[in-house]
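Comments concern the structure below.
The values are calculated or read from the model by the stated rules, or taken from the named source; none is laboratory data. As the structure is a computational prediction, the values presented were derived from the model and not from experiment. Because the Cβ atoms are built from the backbone with ideal geometry, glycine has one as well, and the counts that use them run over all protein chains shown. Note: areas computed on protein heavy atoms with side chains; ligands, DNA, RNA excluded. Shrake-Rupley method; radii C 1.70, N 1.55, O 1.52, S 1.80 Å.
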Amino acid sequence: PSFVLENDVLRVRVLPGVGGKVADIYHKPLERELIYRNPVFQPGNLALRNAWTSGGIEWNTAQIGHHYLACSPVHCARVEGPDGSPVLRIYAWERVKRFPYHIDLHLPPGSPFLFARVRLINPHDYELPMYWWSNTGMAELDGGRVITPADTTYHGMTVYDCPVIKGLDYSYPTQVRRAYDLFFRIPPERRPWEVYVDRDGRGYVHTSTARLKGRKLFAWGMAQGGRRWGEYLAIPGKPHMEIQAGLMYTQSHSARMPAKSQWTWTEAMGYFEGDAARLHSDDWREAYTEGERVLDEMLPREELERLDAEFAGTDARVPEEVLFRGHGWAALEQMRAREAGDDPGIPPE
């Protein structure tokens, strides 16, 4: 089963049975898939409960790694957005650290961006080590480049200057033989964003409000093992890689979430097109300066902050209709809390 959000520009398909994954984002005027749409459903033993599928946008929280619910059902509901348009809410109760979370997917009329407003709630009287990464699968393109406004990156246990590491430009996934990841160190004063573009400077952009500060590139590499993984998780001849966004600079760290608190942020995803010569410049700063110039024209930072505040009005809104049922552990937690005289901190359905 799937749910579709659609306006004149984008068509977005969401799979409630596999963690609320965004399966694809289709740009209607360009007749172009913006993210990696996996043509098959092929789980691999890569998540915290093993089953995990590649492609689309997955939402990972609670523990370090691919989420427990990566291949499990989550609740989905229709909520009225601030302008009256429908919002698709994805929500669940996280059983290990015991907290509720939800993602409100907004696609306003005429918007070239899909917006994800994320809300995490710590209902406890103690601090939680919180984890979040939004992972986007992308089609691996010969000559494709990942660009983000960071001058340094973690690779393994070492900090390197971007993007050349040991003589190779790691911003081009098809230039690197082994599977690898880069955790970019975007300075706090800079806007967090990441783009993946083809040789012509066309591709996909992900940006967010400041709380989601981490950015990552993962690629399977060009050696035999990486090629085999790409074929196993999809089909031969359709390799993929990922760009990701998280709460911390790396996936080895959690953030300290205070007791009785909630964290929110807004992510924006859409089509990107810039000057190819500048985006593929050997001067890394020229490349990310061009990326920032285009993004600021498409979606100024101030406009994203305004939308974030506008979407906040929907956070506590009770759904108009429950569309899909996930696991019932939140209901059990509410029963336990009533018996114990506790406040479970779970928002009304």
Quick one: count up the residues across segment 29-44 that are open to solvent by 10 Å² or more (accessible area, probe 1.4 Å), modelled with pLDDT under 95 and either over 20 Å from P1 (Cα atoms) or assigned to a strand (DSSP E or B) (or both).
-> 0
Name the residue, out of A210, A245, A255, A219, that is within 13 Å of S134 (Cα to Cα) and either surrounded by fewer than 22 Cβ atoms within 10 Å (Cβ to Cβ) or touching a residue at least 60 places away in the same chain (Cβ under 8 Å) (or both).
-> A245
Is it true that some residue in segment 263-273 is open to solvent by less than 20 Å² (accessible area, probe 1.4 Å), more than 22 Å from Y36 (Cβ to Cβ) and assigned to a strand (DSSP E or B)?
-> yes
Tally, over segment 258-270, of residues that are of a type in the set (S, T, N, Q) and either touching a helix residue (DSSP H, G or I) at 6+ places or on another chain (Cβ under 9 Å) or free of Cβ contacts under 8 Å to residues at least 40 places away in the same chain (or both) = 2
Tally time: how many residues in segment 281-290 are in contact with a helix residue (DSSP H, G or I) (Cβ under 7 Å, 6 or more places away or on another chain) and touching a residue at least 12 places away in the same chain (Cβ under 8 Å)?
-> 2
Give R145, R191 a once-over and let me know the one that is of a type in the set (D, E, K, R) and crowded, with 18+ Cβ neighbours inside 10 Å.
-> R145
Check A62, A23, A47, A70 and return the single one that is open to solvent by less than 50 Å² (accessible area, probe 1.4 Å), within 23 Å of A330 (Cα to Cα) and touching a Lys or Arg at 6+ places or on another chain (Cβ under 7 Å).
-> A62
Among the residues of segment 103-151, the number that are in contact with an Asp or Glu (Cβ under 8 Å, 6 or more places away or on another chain), among the charged types (D, E, K, R) and assigned to a strand (DSSP E or B) is 3
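Output the residues belonging to segment 226-255 that are within 23 Å of G156 (Cα to Cα) and small (G, A, S).
Step one: of segment 226-255, the residues within 23 Å of G156 (Cα to Cα) are 226-230, 240-255.
Matches in segment 226-255: G226, G230, A245, G246, S252, S254, A255.
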Looking at this structure, is T158 hydroxyl-bearing (S, T, Y) and without any contact (Cβ under 8 Å) to a residue 40 or more places away in the chain?
-> yes
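Conditions (1) assigned to a loop (DSSP other than H, G, I, E, B); (2) closer than 22 Å to V294 by Cβ, marked per residue:
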residue: R178; (1), (2): yes, no
residue: F183; (1), (2): no, no
residue: P188; (1), (2): yes, no
residue: R199; (1), (2): yes, yes
residue: Y204; (1), (2): no, yes
residue: L212; (1), (2): yes, yes
residue: R215; (1), (2): no, yes
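Do we have E286 as at pLDDT 95 or above, open to solvent by 80 Å² or more (accessible area, probe 1.4 Å), under 19 Å from W193 (Cα atoms) and not hydroxyl-bearing (S, T, Y) here? Lay out the reasoning, then the answer.
On the way: at pLDDT 95 or above: yes; open to solvent by 80 Å² or more (accessible area, probe 1.4 Å): no; under 19 Å from W193 (Cα atoms): yes; not hydroxyl-bearing (S, T, Y): yes.
For E286, the condition - at pLDDT 95 or above, open to solvent by 80 Å² or more (accessible area, probe 1.4 Å), under 19 Å from W193 (Cα atoms) and not hydroxyl-bearing (S, T, Y) - is not met.
Okay, residues lined up against (1) aliphatic (A, V, I, L, M); (2) closer than 26 Å to G56 by Cα:
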| residue | (1), (2) |
| --- | --- |
| A277 | yes, no |
| E286 | no, no |
| R293 | no, no |
| M298 | yes, yes |
| L304 | yes, yes |
| H327 | no, yes |
| A330 | yes, no |
| E333 | no, no |
Looking only at segment 86-101, count how many residues are surrounded by fewer than 21 Cβ atoms within 10 Å (Cβ to Cβ) and touching a residue at least 60 places away in the same chain (Cβ under 8 Å).
-> 4
